[in-house]
Structure formats: C-alpha cells, structure tokens
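Novice: Okay, here's the structure, questions in a sec.
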Amino acid sequence: MSRIGKKPIPIPAGVVVTVTNEVVRIKGPKGELELNTHYDMKVEVGEGMISISPRRHTRKSNALWGLTGALVENMVVGVMKGFEKKLVFEGIGYRVNLEGKNLLLQLGFSHPVRFDAPEGITLSVEKNVITVGGVNKELVGNVAADIRRLKPPEPYKGKGIRYQDEVIKRKLGKKAVASA
C-alpha cells in the first residue's frame with residue numbers, strides 16, 4: 001500500500017484538471033502539463049481533489065501508485081508556482097552571459113561554451129548565480145544537471161559549477177614534506 005498514493009491531491013483555485021483515458025492534463029496560471037499514466041493506475045477528479053488508485057493490486061501497481069501520485073502533485077505545484085534551481089559558478093575568469101534564451105559560458109576552456117535552453121525553461125543570470133526555472137520539475141532538474149555537467153566542481157579549489165545548497169568536500173592537496 002502506498003501512503004503517498006492514498007493521499008488525495010487538492011486542486012487549487014485557477015487550476016483545471018482533465019483526465020481522458022490514461023492522460024492527465026493540468027492547466028494553470030504558469031502553463032500546462034500532460035502526463036501519460038500507466039494503464040494500471042486510475043486517476044479520478046472529484047470535488048476539488050484528485051484521487052489515484054490502482055485498478056488491480058500487484059507489486060508493480062503499488063510501486064506505480066506512489067510514483068503517479070508524486071508526479072501529479074508536482075504537476076499541480078508546477079502550474080501554480082513553478083520550480084527553480086540555482087547554480088553557482090566559481091573560478092577566476094569564469095563568466096556567464098545571457099544571449100536571448102541561451103547561455104554563453106566562459107569556463108576556462110579555450111573556447112566559450114554555448115548552452116541552448118529547451119522550450120519551457122527560463123534562464124537568468126545575476127552575478128555568479130544561474131537560475132533555471134520552469135513548470136516541469138523533471139525538466140528543470142535535468143537542465144540544471146546538464147549545466148552543472150559542463151564544469152563540475154573540483155575538490156581542491158572548489159572551481160566549477162555547483163548547486164547553491166551543495167557542499168563540496170574539499171581536499172588538502174600536496175603537503176610539503178619535512179626533511180628529517
């Protein structure tokens with residue numbers, strides 16, 4: 001039994017939920033999202049609530065029950081508030097410029113790196129912080145991970161791109177050996 005799946009999901013004012021066959025569409029002030037659910041999951045829209053239940057109880061359907069509940073809840077939050085992730089870049093000579101919707105990053109390579117933002121993602125830059133925003137939680141996380149992957153933080157000086165709340169475990173490096 002899934003504790004997450006059992007919980008009904010409240011529908012806030014301004015959000016429209018439609019379910020046809022196995023497709024859940026949620027439309028809100030920030031945008032519209034669509035989810036193809038598994039055929040074992042039954043999604044019903046009631047009075048201001050979305051309830052999810054398995055059509056038959058198997059081990060797989062119990063696992064999918066909680067997953068489907070979490071995905072639908074993230075969709076409702078996304079179309080109401082949206083999601084954002086912040087990335088911090090550190091390093092001498094590291095710069096980021098915003099060209100339209102795309103990023104132009106100078107990360108110590110011999111050439112600038114261009115990062116094209118996918119549709120549905122907004123990027124903004126303030127000093128040394130890149131903000132990735134959008135309504136789809138999965139897409140925001142993937143884009144932030146793709147940007148971080150361009151120059152991951154290194155453990156000796158901490159240079160690179162990291163999440164704002166990420167802690168880099170620092171290493172000491174070479175020590176001078178005392179002569180005996």
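Novice: So in segment 120-165, with the set limited to residues that are part of a loop (DSSP other than H, G, I, E, B) and either of a type in the set (K, R) or in contact with a helix residue (DSSP H, G or I) (Cβ under 9 Å, 6 or more places away or on another chain) (or both), which one is surrounded by the fewest Cβ atoms within 10 Å (Cβ to Cβ)? Please lay out each step first, then the result.
Specialist: So the first thing to find is which residues in segment 120-165 are part of a loop (DSSP other than H, G, I, E, B), and the list is 120, 127-128, 135-136, 151-159, 164-165.
Cutting the leftovers down to either of a type in the set (K, R) or in contact with a helix residue (DSSP H, G or I) (Cβ under 9 Å, 6 or more places away or on another chain) (or both) gives us 120, 127, 135-136, 151, 157, 159.
Working: G120: 14, K127: 7, V135: 25, N136: 20, K151: 20, K157: 14, K159: 19.
For segment 120-165, the residue satisfying everything is K127.
Novice: In segment 29-61, how many are of a type in the set (S, T, N, Q), surrounded by 13 or more Cβ atoms within 10 Å (Cβ to Cβ) and under 18 Å from I9 (Cα atoms)?
Specialist: Here is the first cut: in segment 29-61, the residues of a type in the set (S, T, N, Q) are 36-37, 51, 53, 58, 61.
Going one step further and asking which of them are surrounded by 13 or more Cβ atoms within 10 Å (Cβ to Cβ), we end up with 37, 51, 53, 61.
Add one more test, that the residue is under 18 Å from I9 (Cα atoms), and what stays is 37, 51, 53.
Matching residues across segment 29-61 total 3.
Novice: Could I ask something else about it? Out of curiosity, is T68 outside any loop (DSSP other than H, G, I, E, B), in contact (Cβ under 8 Å) with a residue 40 or more places away in the chain and either more than 26 Å from E32 (Cα to Cα) or not hydrophobic (A, V, I, L, M, F, W, C) (or both)? Write out each step before concluding.
Specialist: On the way: outside any loop (DSSP other than H, G, I, E, B): yes; in contact (Cβ under 8 Å) with a residue 40 or more places away in the chain: yes; either more than 26 Å from E32 (Cα to Cα) or not hydrophobic (A, V, I, L, M, F, W, C) (or both): yes.
Judged against the criteria, T68 is a match.
Novice: Read through the list (1) over 20 Å from V135 (Cβ atoms); (2) in the same structural domain as K159 (by TED's automatic domain parsing); (3) in a strand (DSSP E or B); (4) not aromatic (F, W, Y), then give the number of the only condition that S51 fails.
Specialist: (2)
Novice: For E22, state whether it is surrounded by fewer than 17 Cβ atoms within 10 Å (Cβ to Cβ), of a type in the set (D, E) and at pLDDT 90 or above. Explain how you work it out, then say what you get.
Specialist: Values: surrounded by fewer than 17 Cβ atoms within 10 Å (Cβ to Cβ): yes; of a type in the set (D, E): yes; at pLDDT 90 or above: no.
Spelling it out, it is not the case that E22 is surrounded by fewer than 17 Cβ atoms within 10 Å (Cβ to Cβ), of a type in the set (D, E) and at pLDDT 90 or above.
Results for (1) within 16 Å of the chain's Cα centre (by Cα); (2) small (G, A, S); (3) not assigned by TED's automatic domain parsing to the domain that holds K27, shown as yes or no for each residue.
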position: L105; (1), (2), (3): no, no, yes
position: A117; (1), (2), (3): yes, yes, yes
position: G120; (1), (2), (3): yes, yes, yes
position: N142; (1), (2), (3): yes, no, yes
position: L150; (1), (2), (3): no, no, yes
position: I168; (1), (2), (3): no, no, yes
position: K175; (1), (2), (3): no, no, yes
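The values are calculated or read from the model by the stated rules, or taken from the named source; none is laboratory data. Keep in mind that what you see is a predicted model, and the values were worked out from it rather than measured. With ideal geometry, Cβ positions are generated from the backbone for all residues, glycine too; neighbour counts draw on all protein chains shown.
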